[in-house]
Amino acid sequence: MREVDDALRQDQLERFLRNYGKLVLAVVVLGLLAFAGFLYWQHRQSAEAERNAEQLVLALDDLEAANLAGAEQKLAPLAAAEGGNAVLAQLTQAGIALSQGKANEAAVLYGKVALDADAPKPLRDLATVREVAARYDTLSPDAVIKRLSPLAQPGNPWYGVAGEMVGMAYLKQGKVKQAGPLLVAIAKDKQQPEGLRARVRQLAGTIGYDAIEDVVPATGGGDGSEDSARGDAAAAGE
């Protein structure tokens, strides 16, 4: 019985190979070729990424040496490509244009990054803030508020910068009650740069909102020194 069973299995295998052997062989060969092609593509991508990264570093070296022409020449092909290096190249190009007083050109580049769904969100947020800042004088207050309100939230890395522009947009609309509390909150946020806090503190004071933090007296007592110190601080803020 075993011999009959082995013979039957051998016969079935031979028939399968005669009918489908070439097809199986073709599938195996195609699979191997596809895998080899994937490995080659992966190697090319890795090598290209390394070359682009090196090119970006060289462009930044030119910028540090104030060689703007050389930096632009190296950044142009990177910005026209795809991937993370392309986004960084576009942001760098925009920064160069902004430093040269080419606000419109910079805004276009920042806008391209801001709308790039493949770009990392932190870079898209950076581009959004920079684009709005570059176009601020030509954008309507509504547009500024719409673009930056999602970033002008406590805890967001762009809370202070975006919030300042949103507050100024509210003031252009005459919406003091919306601008005041926002500016006061930014002024009292110790995570923000001191220069920014001073600006919004002064701006809040001009519209009647006190953004001066309470002054703690050096010594206790009921001689009114605390009230006097707070009054002097408020006067200084005004």
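A Förster radius of 25 Å combined with the Cβ-Cβ distance from residue 102 to residue 168 puts the calculated FRET efficiency at roughly 0.60.
A Förster distance of 25 Å, applied to the separation of the beta-carbon atoms of residue 194 and residue 136, puts the FRET efficiency at 0.65. Looking at the square roots a ≥ b ≥ c of the eigenvalues of the Cα gyration tensor of region 101-156, which shape do they give, rounded for a/c under 1.5, prolate if a/b is larger than b/c, or oblate? Oblate shape, in that a/c is at least 1.5 and b/c is the bigger or equal ratio. What FRET efficiency would be calculated for the residue pair residue 9, residue 117, taking the C-beta separation as r and a Förster radius of 41 Å, to the nearest 0.05? It comes out at approximately 0.15.
Which of the three applies to region 48-137, rounded, prolate or oblate, going by the alpha-carbon gyration tensor with a ≥ b ≥ c and a/c under 1.5 meaning rounded? Since a/c reaches 1.5 but b/c is at least a/b, the shape of region 48-137 is classed as oblate. Using the Karplus relation 6.51 cos²θ - 1.76 cosθ + 1.60 with θ = phi - 60°, the per-residue 3J(HN,Hα) values for region 110-119 come to 4, x, 5, 5, 4, 9, 7, 5, 7, 6 Hz, with x marking Gly and Pro.
Distance from the Cα centre of region 107-161 to that of region 64-87, in angstrom? One Cα centre to the other: 22 Å. Shape class of region 75-118 from the Cα gyration tensor (axes a ≥ b ≥ c, square roots of the eigenvalues): oblate, since a/c reaches 1.5 or more and a/b does not exceed b/c. Dipole check for region 105-185: with +1 at the C-beta of Lys and Arg, -1 at the C-beta of Asp and Glu, and the Cα centre as origin, the magnitude is about 260 Debye.
Bear in mind that the values in this text are calculations on the coordinates, not laboratory data. It should be emphasised that the depicted structure is a prediction, and the values quoted were computed from it without experimental measurement. Positions of Cβ are generated from backbone atoms using ideal geometry, with glycine treated the same way; all protein chains shown enter the neighbour counts.
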